[in-house]
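What follows is a set of notes on a single structure, which appears directly below.
The values are calculated or read from the model by the stated rules, or taken from the named source; none is laboratory data. These figures come from a predicted structure and were not determined experimentally. Reconstructed Cβ throughout: ideal geometry from the backbone, glycine too, with neighbour counts over all protein chains shown.
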Amino acid sequence: MNILIVGGAGYIGTKLADHWDRSNRSMVLADIRAGREEVVKWDVREPAPACLTGASFDLIINLAAVHREPGHEAHEYFETNLRGAAHVLALAEKTGCRKILFTSSIAVYGPVKNPTSESALPQPKTPYGISKLTAEWMHRTWQANSPGRQLVICRPGVVYGPGDPGNILRMVRAIKRGYFAFPGSPAIRKSYAYITGLLKSFDFALERPEPVFLYNYVESPTESLGAMVDHIKTALGKNAPVFSLPLPLLEAAAVALHACFGQRSPIHPARVRKLRTATHIIPQTLAECGFRFPYDFATSLKHWRSLAPEDF
């Protein structure tokens, strides 16, 4: 099988290439960051290069996106995520590809306090979420335009794991250093996706027979922020209490630290606001299809630490 991973130099792309054995010569990685010899340089805001349009692919994994929030202007999410989808789909047409896996996001649901499965009506509130939902429908149109095409749409939570300096690692380090505080209530539910479990879900989903298979991927069960902090404290061997602070006070502290330290600040005001936003997502489709979730949050931390003890 000839496989193209678009966004292959990103966090999920590099982990997926390793998961599927990057030495396999039938796998091609493409990315705007082509710092390594095996990665084809492709800015998906532009049409695919000739070295890709002249190839043949049985499966395209579309991971390319502007996704980090905060960090980009609103127009950047649309320019990359929509033009990128159009150019990936044009490549699929040219190369005769019949199967695509597209990574969307739970951001398509917007903030959700109640348990939310794939049956819920998407109501994105951010440029990122809006661009991802629009790109989903672009992929659906491609699938519907020719008999026999298959599409997998994965809506992952915020991905974390070894080598990713994202929300969970920031929280681990903040708790370790003693400056983490709950932004409001510790009862807020948060949905995150451990990288190893996510990749196993790709394997599972790509074997499904449905023309369109859409699913959420978050660790199950979804836990409260308070429970997640307790698991991190256990992993670190920390017993110090973590207190709740009113959001205005915590946000003011974040603004002051950001003014002093800039991008080196341990707390970004926008991330404080994001952390207090509930994302209670349920991976109902996978559960109903018999997928066995390999990790909950606590066991994912143990697995992560076994692979990258320096993060802890």
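Here's a check for you: in region 242-265, which residue that is under 26 Å from the mean Cα position of the chain (by Cα) and exposed (fewer than 15 other Cβ atoms within 10 Å of the Cβ) is modelled with the highest pLDDT?
262
So for region 72-84 (the condition being touching a strand residue (DSSP E or B) at 6+ places or on another chain (Cβ under 7 Å) and touching a residue at least 12 places away in the same chain (Cβ under 8 Å)), does at least one residue qualify?
Scanning region 72-84, I find no residue that is touching a strand residue (DSSP E or B) at 6+ places or on another chain (Cβ under 7 Å) and touching a residue at least 12 places away in the same chain (Cβ under 8 Å), so the answer is no.
Looking at 141, 196, 116, which one is closer than 23 Å to residue 278 by Cβ and of a type in the set (Val, Ile, Thr)?
On the way: 141 fails: closer than 23 Å to residue 278 by Cβ; 196 fails: closer than 23 Å to residue 278 by Cβ.
On inspection, the qualifying residue turns out to be 116.
Can you tell me which of (1) crowded, with 21+ Cβ neighbours inside 10 Å; (2) under 17 Å from the mean Cα position of the chain (by Cα) is the one residue 124 doesn't meet?
All conditions pass for residue 124, except number (1).
Can you find even one residue in region 67-84 that is aliphatic (A, V, I, L, M), modelled with pLDDT of 95 or more and not in a loop (DSSP other than H, G, I, E, B)? Lay out the reasoning, then the answer.
First, pick out the residues of region 67-84 that are aliphatic (A, V, I, L, M): 74, 82.
Restricting the remaining residues to those that are modelled with pLDDT of 95 or more gives 82.
If we keep only those that are not in a loop (DSSP other than H, G, I, E, B) too, we end up with 82.
Yes, region 67-84 has at least one match.
Those residues that are closer than 26 Å to residue 292 by Cα and either surrounded by 23 or more Cβ atoms within 10 Å (Cβ to Cβ) or of a type in the set (D, E, K, R) (or both), I need them from region 177-191; list them, please.
189, 190, 191
Identify, please: which residue in region 18-63 is of a type in the set (Lys, Arg) and more than 21 Å from the chain's Cα centre (by Cα) and is, among those, surrounded by the fewest Cβ atoms within 10 Å (Cβ to Cβ)?
Per the criteria, the residue is 25.
Conditions (1) in a strand (DSSP E or B); (2) buried (at least 18 other Cβ atoms within 10 Å of the Cβ), marked per residue:
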position	(1), (2)
165	no, no
168	no, yes
172	no, yes
175	no, yes
193	yes, yes
202	no, yes
210	no, no
240	no, no
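Restricting to region 122-156, count the residues that are within 25 Å of residue 98 (Cβ to Cβ) and either of a type outside the set (A, V, I, L, M) or part of a loop (DSSP other than H, G, I, E, B) (or both).
The qualifying residues number 18.
Take the residues in region 279-309 that are of a type in the set (Val, Ile, Thr) and either assigned to a helix (DSSP H, G or I) or modelled with pLDDT of 95 or more (or both), then tell me which one is surrounded by the most Cβ atoms within 10 Å (Cβ to Cβ).
Ranking the qualifying residues of region 279-309, first place goes to 281.
If residue 47 satisfies every condition in (1) free of Cβ contacts under 8 Å to residues at least 40 places away in the same chain; (2) outside any helix (DSSP H, G or I); (3) more than 23 Å from residue 208 (Cβ to Cβ) but one, which is the exception?
(1)
Conditions first: (1) at pLDDT below 90; (2) surrounded by 20 or more Cβ atoms within 10 Å (Cβ to Cβ); (3) not assigned by TED's automatic domain parsing to the domain that holds residue 298. Residue 104 passes all but one, so which condition is the exception?
Tallying (1) at pLDDT below 90; (2) surrounded by 20 or more Cβ atoms within 10 Å (Cβ to Cβ); (3) not assigned by TED's automatic domain parsing to the domain that holds residue 298, residue 104 fails exactly one: (1).
Against the definition (surrounded by 17 or more Cβ atoms within 10 Å (Cβ to Cβ) and modelled with pLDDT of 95 or more), how does residue 112 come out, yes or no?
So residue 112 does not fit the description; no.
Considering only region 221-233, how many residues are out of contact with any Leu (no Cβ under 8 Å at 6 or more places or on another chain) and either at pLDDT 95 or above or outside any strand (DSSP E or B) (or both)?
Within region 221-233, the subset out of contact with any Leu (no Cβ under 8 Å at 6 or more places or on another chain) is 221-224, 226-230, 233.
From the residues that got through so far, the ones that are either at pLDDT 95 or above or outside any strand (DSSP E or B) (or both) too are 221-222, 226-230, 233.
The total comes to 8.
Hey, can you tell me all the residues within region 108-121 that are assigned to a loop (DSSP other than H, G, I, E, B) and touching a residue at least 24 places away in the same chain (Cβ under 8 Å)?
Those that are assigned to a loop (DSSP other than H, G, I, E, B) and touching a residue at least 24 places away in the same chain (Cβ under 8 Å): 111, 117, 118, 119.
I need the full set of residues from region 140-160 which are among the hydrophobic types (A, V, I, L, M, F, W, C) and crowded, with 16+ Cβ neighbours inside 10 Å, in order please.
Listed by number, the residues that qualify are 142, 151, 152, 153, 154, 158, 159.
I'd like the full set of residues that are closer than 12 Å to residue 132 by Cα and buried (at least 24 other Cβ atoms within 10 Å of the Cβ), limited to region 83-101.
Correct list: 84, 85.
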